[in-house]
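Here is the structure we will look at, set down as C-alpha cells.
The values are calculated or read from the model by the stated rules, or taken from the named source; none is laboratory data. All of these numbers come straight from a predicted model, not from anything done at the bench. No Cβ is skipped: glycine too gets one built from the backbone with ideal geometry, and neighbour counts run over all protein chains shown.
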C-alpha cells in the first residue's frame, strides 16, 4: 500500500509494509523517528523505532535518501502533525545513501543547484509536488477533451513543413556530419537523407491538426514541440509540450468560449485534486515572496490567484481597443513603457502585463490583431487590416494561449502564403483542405509548461518540466 | 449538435442544423438523399431534400466531399437503416469539392492510394474509425494509470543518451549541414551545436522514466520515440508512440501482472466504447479475408480475437521452456522453421507465432531470456546466464510488450555497461539511482501502434497513425 493510502487508514494495529525513501531520521532518548516518503503524496509517514527492535547495524544504514521496506503496526500517532504512524518491527534496507556523498541532505537547496541534479530532484518536496500537479493537469486535459467529444490526434514530430513560416528549427538527419553527399549545385543532397528530404522537428502540430478537424470535426493534439531559439530566459525551453485543439465549424467567438472554459476546467481540476500539493507550493511561494521587496510581493496567495481565474469572466476586447487603453494610460503618458505604443506594434510583455495586472486585474482575451504581426493561416477580417486572432493573457505569465479562426477561403489563403513567402508546393496538402469541402474552423495552442508555471506558482520554466532542454544543456 | 448525438435524439420535428461533409448524394424521383458525416461517428445521418425546397443551383454544389450546413426537421426515418433523418429546409454550402478533382469519390480505394492522401483519408469510414479507436485507446491508457496512482512523466525527446545502447538514431542539430565547425582533431565540434554536445531523438524514455520511479514510485511515459532503421516493413515506423510504465518495488511477477491487467483493460475499454467502429472494422477485415486463400483466413472475427485476449489468462513460461517446446515441435523436426532453434538465439517472428498461434493459442509471456540478447539494464538472474526480462507475445502481432525487472545492484550494473561498451560518464545520472537509495523496480514498453493494429485488425502499421514516417517518406 502506498503512503497516500496508508495515511487514510484507520489505525488498528494492523501490520503494514512501507516501501519508501528516508527523508529524515532523528533519534530522541533512544527512540528513532524516521520520516518516509514514496512520492505518492507530499506527506511523509512517520516510522517509530523503539530501542532494541532493530539492530544498530541496520539502523545505521537508515539515512536520508536511503530506500527501505519498513514492517510494523499502524497505530494512532502520539505526536502532532499526523494521525497515524508505524510502530516498527523490522527494517529491510534496499539501498543506502552515503551521507557524505548524497547531495539531497535535509536542508534548503537552491533551485539552480537542483537543476544540476535533475535526476534526483523529484525526491524533494517541491519537485514531487510539481510533478504530481503536472500529471493532474495532463490528465485533466485528456479528460476534458474526451468528455467533450474531441479526438486526440498524434500529429508528426518530424516534419518537412514549418507551421509558423518563420520558426528556428532543429534539423533531423542521418547524413554524415562531415562531408555529406552534395548535389550538382554543390548543396547538401537531402535526397540521400533518411526521409529523402530536409526534415525538422515540429514547431506546432496545428497544420496537421487542421487536417484532422476537417474530417473528425473536433480534435486536439498534446505533444512535444521545439524551438531552436537561443533564448536563455525563465520563459523559454527548446523542447516543450503543447496542446492544440482544432474544431470545424467554430468561429472566433466559439474559440474564445472553448479556451476560457477549458482553462478554467483545468485550474479547477487542480484545485480539487491537488489541494495538498498546492498548499505546499503556496507556502513555498510565500517564503520566497518574503525575500522580495514589499512592492514586488504578490497581493494574492497562490490559491487566491487560481480561484480568481476560475471565478472571473475573462475580459474580451480587440487589439485596437487595447491600444486605445494603453495610449490613454498613465504609464504611457509618463513614458513608463520601454517600448513605444502605436497601432500595428506587436504588444510587449510590459503592455500585456499592464492590461492584465493593472487595468483589468483579470485574465484578458485580445482579438483581431493586425494581420502583419500574425501567422499566414489566420482568417482575414472584412476591414482588410486585421485577422481573427485571439491571445489569452494571464497575470504573471503573459500569453498562455494563442489561437485564431483559420482562413478557409482558398484564394485568400494562397494570397497570404505568397505574401509571406511560403512555397505552395510545400503545403499543397494544407491548401487542399480549402479546395475540397472547406469549412469555417478555429483552434488554439496552450503551452503546457506555462500552465504548469501558473498553477504551481513557480517562476522558472526549467523547474516545471522533468528534464529541461535549453541552449547548451541536454543532460540526462 | 454533432451527428453522434443527433442520431440518439427522439425525432419530434425539432429544428436541427447539421454541419458535416457529404459522403454521397443520390436522387430518386426528384427527391435527393444526402448522406452526411462529421467524423463524430461511423454512422451517417440522412438528409432528405424534397422537390423545390432547395434551389437547383445550391443542390448542384452538394457533391461527395463538399461541406454543408443543413437546416431542417429531425423526423423518424421512412427508410431502412436509420431511426431518424433530417427533412431539409435549407442548405448552406461551406465548401465545394469538384467531382472531377476530389480524390475520395464513393468507391473502394486501396490503402496504398489512401496513404498518398493522408491529409484526406480521415474522411473515409475506415480511417475515421481507426482514428476514433486510436483516441479511445490513448484515453484509456491515461485513465488506467491515473486511476491506479501512476504519474505521467514527460521524458525528454532530445537526448544525449541511447537507452538501448545500440539503436540507430536521428541526429538533432543546428550546425550548418556543410562545413560544420571542427575541433582540433578534425572532428565535428559539437560544443558549437545548440546543446553543446551531440544529441539525438530518443529511442526510449525508460532510463529517465526510472529516475522518476525512484522518487514517485509509479510513473508512466506516453510519448514519441524514434528509430532510424532503414526498414520498409508493415511493422516498422521511424516515428512511433510508446507507453512505458516504471514502478519502484515491483519485481518481475508484479510487472507481468501489471502488463496483463493493463492490456486487458485497454482492449476491454475499446470493446465497450468503440462498438460501432470495431463492428465496421470487423466487416472490413472479413471482406479482406475473403480475398485470401482459405488456409490463410483467420479463424476468428475481430471481436472474437479481442474478447479472446480479455477472457484468457496469458500463458507464462521461461525462454528456456519455450526453446524446449520449439525443439520438440513438429515444425522444428520437419525443418519448417527458416531460422535454427537453440538455446541462446533471439527468437524470430516465426518462433513467436508458433508459440502463440499454434502451441498455446493465446497470448504468451516469455521470461528470463539469455542476458546476451537483452539490454544491459535488465536484472541478472542468480544462474548468471539469464535476466529478468519479459516479452508479451500476441497473435498476429508478435511482441507487443517488452520489459524487465531492472538491475538495482550498482556493481552488477556497472559490470554490464562495461561489457556492452557504454561509457559510465554518459549515464552517470542513471548509475546514481543505484548509488543513492536503490530499490527493486521494473517496467515495460508498449508500442502504441502495435496495440492499435491489434484492436483495429489492420495489417500495415502505416494505416494506424495519422501521418506515418518511414524511409524516404515524411510528407504532410
The number of residues in the stretch B:141-168 that are modelled with pLDDT under 95 and either more than 8 Å from chain A (Cβ to nearest Cβ) or out of contact with any strand residue (DSSP E or B) (no Cβ under 8 Å at 6 or more places or on another chain) (or both) is 8
Going through (1) over 38 Å from the mean Cα position of the chain (by Cα); (2) touching a residue at least 40 places away in the same chain (Cβ under 8 Å); (3) more than 14 Å from chain A (Cβ to nearest Cβ) one by one, residue B:71 fails only at (3)
Within the bounds of the stretch A:114-136, is there any residue that is more than 9 Å from every other protein chain (Cβ to nearest Cβ), more than 30 Å from residue B:273 (Cα to Cα) and touching a strand residue (DSSP E or B) at 6+ places or on another chain (Cβ under 7 Å)?
no
Among A:422, A:465, the single one that is in a loop (DSSP other than H, G, I, E, B) and either at pLDDT below 95 or out of contact with any helix residue (DSSP H, G or I) (no Cβ under 7 Å at 6 or more places or on another chain) (or both) is A:422
Of those in the stretch B:229-245 that are part of a strand (DSSP E or B) and within 12 Å of chain A (Cβ to nearest Cβ), the residue nearest to residue B:405 (Cα to Cα) is B:242
Buried (at least 19 other Cβ atoms within 10 Å of the Cβ) and in the same structural domain as residue B:458 (by TED's automatic domain parsing), is that true of residue B:252?
yes
The one condition residue B:18 fails out of (1) farther than 29 Å from residue A:150 by Cβ; (2) in a strand (DSSP E or B); (3) within 11 Å of chain A (Cβ to nearest Cβ) is (1)
Residue B:286 fails exactly one of (1) in a helix (DSSP H, G or I); (2) farther than 30 Å from residue A:156 by Cα; (3) touching a residue at least 60 places away in the same chain (Cβ under 8 Å), namely (3)
- Task: Would you be able to say whether some residue in the stretch A:458-472 is within 13 Å of chain B (Cβ to nearest Cβ), closer than 26 Å to residue B:161 by Cβ and without any contact (Cβ under 8 Å) to a residue 12 or more places away in the chain?
- Result: yes
Going through (1) surrounded by 16 or more Cβ atoms within 10 Å (Cβ to Cβ); (2) free of Cβ contacts under 8 Å to residues at least 24 places away in the same chain one by one, residue A:88 fails only at (2)
Next item on the list: Test residue A:118 against the stated conditions and say whether it is assigned to a loop (DSSP other than H, G, I, E, B) and buried (at least 16 other Cβ atoms within 10 Å of the Cβ).
Entry: yes
Can you confirm whether the stretch A:178-198 contains a residue that is surrounded by 23 or more Cβ atoms within 10 Å (Cβ to Cβ) and in contact (Cβ under 8 Å) with a residue 40 or more places away in the chain? no
For the stretch B:178-192, indicate whether the set of residues that are within 16 Å of residue B:401 (Cα to Cα), more than 8 Å from chain A (Cβ to nearest Cβ) and over 18 Å from the mean Cα position of the chain (by Cα) is non-empty.
no
Being touching a helix residue (DSSP H, G or I) at 6+ places or on another chain (Cβ under 9 Å), more than 13 Å from chain A (Cβ to nearest Cβ), surrounded by fewer than 23 Cβ atoms within 10 Å (Cβ to Cβ) and not in a loop (DSSP other than H, G, I, E, B) is the requirement here; does residue B:434 meet it?
no
Only unsatisfied item for residue A:255, checking (1) assigned to a loop (DSSP other than H, G, I, E, B); (2) touching a strand residue (DSSP E or B) at 6+ places or on another chain (Cβ under 8 Å); (3) under 28 Å from residue A:305 (Cα atoms), is (1)
Subset of the stretch B:201-218, residues assigned to a helix (DSSP H, G or I), touching a strand residue (DSSP E or B) at 6+ places or on another chain (Cβ under 6 Å) and closer than 17 Å to residue B:447 by Cα, comes to B:206, B:209
